[in-house]
Amino acid sequence: DRIQVWDSHVLFRKRKSSVGHSGGVNCVAFSPDGTRIASASSDGTVRVWDAHTGEPVEMAEMGHKSVVWFVAFSPDGRYIASGGDDNVVRVWDAQTGEPLLEPLMGHSDTVWCGAYYPDGSKLVTGSRDRTLCIWDTSTSRQMRYPITGHKGDVEAIAFAPNGSCF
């Protein structure tokens, strides 16, 4: 229920602490310019905070139907993607909180994680259903059938800096 920002050079000094979620915080992401923090919560919401003041940024309520497990800013900072127990991925306008696309439905179970391609053209999501989905961010369409082959949940995704692999 609390977001805490720590000074990375002086780890015993906490910069800010903000309360706003009514459930636990499951994931946080800084905007590419470092001015905002998005948080995903067990209360079913995504919230955006000013990284310097710790205050919530006024915007529309970004909600799922249940627990939200991941948030990710697009590389240009214009969008926020989120996913959770409702098995869908949602994409929001990072300035207003308004939904930009229809919910992206391709997973059959909890969406644990997601990451944008470094150029922002696609979003990759991973799920408890043991699949990865790749989404075209301009059309909200799934690029291909879910990628299979994992023997367990897909709980984390990271890209190489040059985007050559994830």
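Quick check on region 26-40: of everything there that is among the β-branched types (Val, Ile, Thr) and open to solvent by 30 Å² or more (accessible area, probe 1.4 Å), which residue is farthest from the chain's Cα centre (by Cα)?
Here is the first cut: in region 26-40, the ones among the β-branched types (Val, Ile, Thr) are 28, 35, 37.
From what's left, open to solvent by 30 Å² or more (accessible area, probe 1.4 Å): 28, 35.
Numbers: 28: 7, 35: 16 Å.
So the residue we want is 35.
Are any residues in region 43-57 open to solvent by 30 Å² or more (accessible area, probe 1.4 Å), of a type outside the set (Asp, Glu) and part of a strand (DSSP E or B), and if so, which ones?
Once the filter is applied, which keeps residues that are open to solvent by 30 Å² or more (accessible area, probe 1.4 Å), of a type outside the set (Asp, Glu) and part of a strand (DSSP E or B), region 43-57 yields 47, 56.
Is region 94-109 home to any residue that is open to solvent by 50 Å² or more (accessible area, probe 1.4 Å), small (Gly, Ala, Ser), over 17 Å from residue 21 (Cβ atoms) and assigned to a loop (DSSP other than H, G, I, E, B)?
Yes, the conditions are met somewhere in region 94-109.
Quickly run through region 111-166 and pick out the residues that are closer than 22 Å to residue 76 by Cα, among the acidic types (Asp, Glu) and in contact with a Cys (Cβ under 9 Å, 6 or more places away or on another chain).
Hits for region 111-166: nothing passes.
Suppose the filter is open to solvent by 10 Å² or more (accessible area, probe 1.4 Å) and not in a loop (DSSP other than H, G, I, E, B); does residue 91 pass it? Don't jump to the end; show me each part of the working.
Working: open to solvent by 10 Å² or more (accessible area, probe 1.4 Å): yes; not in a loop (DSSP other than H, G, I, E, B): yes.
It is true that residue 91 is open to solvent by 10 Å² or more (accessible area, probe 1.4 Å) and not in a loop (DSSP other than H, G, I, E, B).
Could you tell me whether residue 96 is of a type outside the set (D, E, K, R) and touching a residue at least 60 places away in the same chain (Cβ under 8 Å)?
Working: of a type outside the set (D, E, K, R): yes; touching a residue at least 60 places away in the same chain (Cβ under 8 Å): no.
In short, no.
Residues that are over 25 Å from residue 32 (Cβ atoms) and touching a Ser or Thr at 6+ places or on another chain (Cβ under 6 Å): does region 130-144 have at least one?
Yes - at least one qualifying residue is present in region 130-144.
Out of all the residues in region 80-98, which are among the hydroxyl-bearing types (Ser, Thr, Tyr) and at pLDDT below 95?
Residue satisfying the conditions is 96 alone.
From the set of residues in region 58-72 that are under 20 Å from residue 35 (Cβ atoms) and buried (at least 18 other Cβ atoms within 10 Å of the Cβ), which is modelled with the lowest pLDDT? Even if it seems obvious, please write down each step before you answer.
In the first step, residues of region 58-72 are kept if they are under 20 Å from residue 35 (Cβ atoms); the result is 58-60, 62, 71-72.
Remaining after also requiring buried (at least 18 other Cβ atoms within 10 Å of the Cβ): 62, 71-72.
Details: 62: 79, 71: 96, 72: 97.
Per the stated criteria, the residue is 62.
Evaluate region 132-154: report whether one residue or more is surrounded by 15 or more Cβ atoms within 10 Å (Cβ to Cβ) and touching a Pro at 6+ places or on another chain (Cβ under 7 Å).
The answer is yes, given that some residue of region 132-154 is surrounded by 15 or more Cβ atoms within 10 Å (Cβ to Cβ) and touching a Pro at 6+ places or on another chain (Cβ under 7 Å).
The values are calculated or read from the model by the stated rules, or taken from the named source; none is laboratory data. On a predicted model such as this, the values are computed, not experimentally measured, just so you know. Every residue, glycine as well, gets a Cβ built from its backbone with ideal geometry; the counts of neighbours run over all protein chains shown. Accessible surface is based on the protein model in full, side chains and every heavy atom, while ligands, DNA and RNA are left aside. Shrake-Rupley method; radii C 1.70, N 1.55, O 1.52, S 1.80 Å.
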